[in-house]
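Rule-based calculations on the coordinates, nothing more; no lab input. The structure displayed is predicted, hence computed values, not measured ones. Don't worry about glycine lacking a Cβ; one is built from the backbone with ideal geometry, like all the others, and counts go over all protein chains shown.
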Amino acid sequence: MDKESLEVFLTIAHHGSINRAAQALFLAQSTLTHRLKQLERQIGSPLFVRTASGVSLTGEGRRLLPIAANIVEQMRSFMKQKEQVKSMTIVAGKAFVAYELPRLIGEYRQANPGFTCYVRSTLYEESLSALLTGTADIAFLGSEMYHPHIHQEFLPSDRILLVMAPEHPWASRFPGFASWGAQEMILFGNHTAPYRQRIDHFLARNGVFPNVIMELDSFSAVKKMVERQLGITMLPERTILRELAEGRLVAHDIAEGTLQRPTLIAYLHQKKEDEAFQQFVQWIKDAY
């Protein structure tokens, strides 16, 4: 007993004529009659009797009428809700929102024009809370998140490089950690942030305790300060690609690929069953 057969039954009942019902449904009369007979076989009883003006419902037909109408309406409502594009709420750190999301969301919307989203920049703890309370569907993180209700997947990591202006004495070659001295550093984030802790631990392992003269909450601000030769910094490679290409900054991989900024996507385990959501996740993993 499929939705199409029930719609045929309801249309015949409404018009009181198989011919007029076929015209209304844009079906051949033979097709409509075939579907009606299939339904009657499933019911085990005739649903219409012929009259001088067309057809009228039998007793079984009258009993089926409200049931069929209810089933068809519920199916239509279900399909409508399924087809509706739900707005996705995305939370991420300020840097990821500035450097990665515009491209990712822009390209995804080009491929999926009906896609809508709400984006909010958050701190790490806020991202966890947003996922658990249902106020966010997905979070982009710069550090692992451990919680029994949350699933996380790694995206490709980003090298963290030593960055300076082209005029800096180290621009042509990094002289080594022994020569670090009292170099003035401009760093992103405060010492409690996971990204900053990675840098501080790396430098400490190499005997460097940096002379930090600025702690800024924007990669763009850090880059501008360094371009003005106010200090050196350490930044993720993805955030300086344009400046490197244009010759406004110079970078060295002093960690030889071992110092990296991880990027993860996190969401509730129940989202694994959401096909539309998983389509977005897979696209992000492919496009990142």
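Near LEU161, the amide H atoms lying under 5 Å from its own belong to LEU235, GLU237; only residues 5 or more places off or on other chains count, and H is placed 1.01 Å from N.
Determine the shape class of the stretch 1-106: with a ≥ b ≥ c the square roots of the Cα gyration tensor eigenvalues, call it rounded for a/c under 1.5, and otherwise prolate if a/b is greater than b/c, oblate otherwise.
prolate
Residues considered: LEU47, LEU101, LEU235. Largest GNM mean-square fluctuation over the chain, using C-alpha springs under 10 Å, is found at LEU47.
How far, in degrees from 0 to 90, does helix 59-83 lean away from the longest principal axis of the Cα atoms of the chain, to the nearest 10? Approximately 20 degrees, to the nearest ten.
In deg cm²/dmol and to the nearest 500, what is the mean residue ellipticity at 222 nm of the chain if only DSSP H runs of at least 4 residues count, each as -39500 (n - 2.57), divided by the residue total? Please list the in-between numbers first.
Details: 11 runs with 127 residues, N = 288.
For the chain, the value works out to -13500 deg cm²/dmol.
Non-local lysine pairs in the chain, meaning eight or more places apart or on different chains, with alpha-carbon distances under 23 Å, amount to 15. Sequence-ordered 3J(HN,Hα) estimates for the stretch 282-288 from the Karplus curve with 6.51, -1.76 and 1.60 and θ = phi - 60° stand at 5, 5, 4, 5, 6, 8, 5 Hz, glycine and proline given as x. Derived from the Cα gyration tensor, the three semi-axes of the equivalent ellipsoid of the stretch 119-181 are 39, 13, 11 Å, largest first. Potential lengthening of the chain between THR133 and GLN279 amounts to 50.3 nm, from the contour at 0.36 nm per residue minus the alpha-carbon distance. Given +1 at the Cβ of Lys and Arg, -1 at the Cβ of Asp and Glu and no other charges, the dipole of the chain around its Cα centre is 1060 debye to the nearest 20. In the chain, excluding the sites themselves, the longest stretch lacking any of the trypsin sites (Lys or Arg not before Pro) that are in a DSSP loop with at most 10 other Cβ atoms within 10 Å is 1-172. On the basis of the beta-carbon distance and an R0 of 22 Å, PHE177 and ARG248 show a calculated FRET efficiency of 0.30. The alpha carbon convex hull volume per residue for the chain rounds to 173 Å³. The distance between label points at LYS94 and ASN190 comes to 1.2 nm (points 7 Å beyond Cα on the Cα→Cβ vector). For the pair the stretch 245-267 and the stretch 104-162, the centres of their Cα atoms are 19 angstrom apart.
For the stretch 206-261, GluC sites (Glu not before Pro) meeting the loop criterion (DSSP other than H, G, I, E, B) and having at most 14 other Cβ atoms within 10 Å: GLU246, GLU256. I'd like the chymotrypsin sites (Phe, Trp or Tyr not before Pro) in the stretch 7-52 restricted to DSSP loop residues with at most 16 other Cβ atoms within 10 Å, sorted by number. Sparse-neighbourhood loop chymotrypsin sites (Phe, Trp or Tyr not before Pro): PHE26. Taking a ≥ b ≥ c as the square roots of the eigenvalues of the alpha carbon gyration tensor, the stretch 2-56 is oblate, as a/c is not under 1.5 and a/b does not beat b/c.
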